[in-house]
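J.: Dumping the structure here so I can ask a few things about it.
Every number in this text was worked out from the coordinates using simple rules, so none of it is lab data. Note that the structure is predicted; figures quoted are calculated from it, not measured. Because the Cβ atoms are built from the backbone with ideal geometry, glycine has one as well, and the counts that use them run over all protein chains shown.
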Amino acid sequence: MAHRDSPVLSTIQQEQPISLLIAFTERYHKTMAHRDSPVLIVYFPSAHRIRRSSAELLNPVLQKSVPEVELLYEFLLSGVKLNRDQVMTLQDPELSSLRKATTFHVICNDVIPKSLSDIRRLGARLSHAQGPLKRQDFERTLLTMAYTALKTPQSNTDHQQKIWLDSLTELFVALRRDLMFPYHREGGQ
């Protein structure tokens, strides 16, 4: 099939999507770090459920400062793996022992969507977003994109792989559009 030879899929298979995700996060924090969306839209309802596995019981957020953004980069660069139970874990045991690694684990395994239908629904909702995303929604979308990038090559059939790849592309387009939002308004593009 044509998707087997696509540049996006080859990038995913070479485990370079993490670099792309890091570039997105860096760009986001440079352009929109101090803005929040004025409209209350909940893209990740599971973030608002109480959980006992984290110090942040409600609405966990990993990045609250520049050092925490850098820590997220380090988490992603060190490697993230997806086990048989679809649990995302850090490959570096030293980083896994950090307190913020618990928040990372909670967001990746309790907050972001894991089913293909939920991820596609998120992509569709993001495609209709008015204005910039809140920081936590950007972070969670980025981590959903990381999960989707890890899941895509694990697909059993070409059809499944195409659907996962389409979902990954939809999330990519939503994040790119969010990053370009201020330029659309000011430049009239």
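J.: Would you list, by chain and number, the lysines whose Cα falls below 17 Å from the Cα of LYS114, excluding same-chain residues fewer than 8 positions away?
T.: Reachable lysines: LYS81, LYS151, LYS162.
J.: Work out how much length THR89 to SER65 would gain on full extension: take 0.36 nm times their residue separation and subtract the Cα-Cα distance, in nm to one decimal.
T.: 6.4 nm
J.: Separation between the SER117 and SER155 pseudo-spin-labels, each 7 Å from Cα along Cα→Cβ, expressed in nm?
T.: About 1.8 nm separates the two model spin labels.
J.: Let me ask something else. Run the quick spin-label model on SER96 and SER78: label points 7 Å from Cα toward the beta carbon, then report their separation in nm to one decimal.
T.: 1.0
J.: When a/c reaches 1.5 or more, the comparison of a/b and b/c decides; with that in mind, is the range 66-189 rounded, prolate or oblate per its Cα gyration tensor?
T.: In terms of gyration-tensor shape, oblate.
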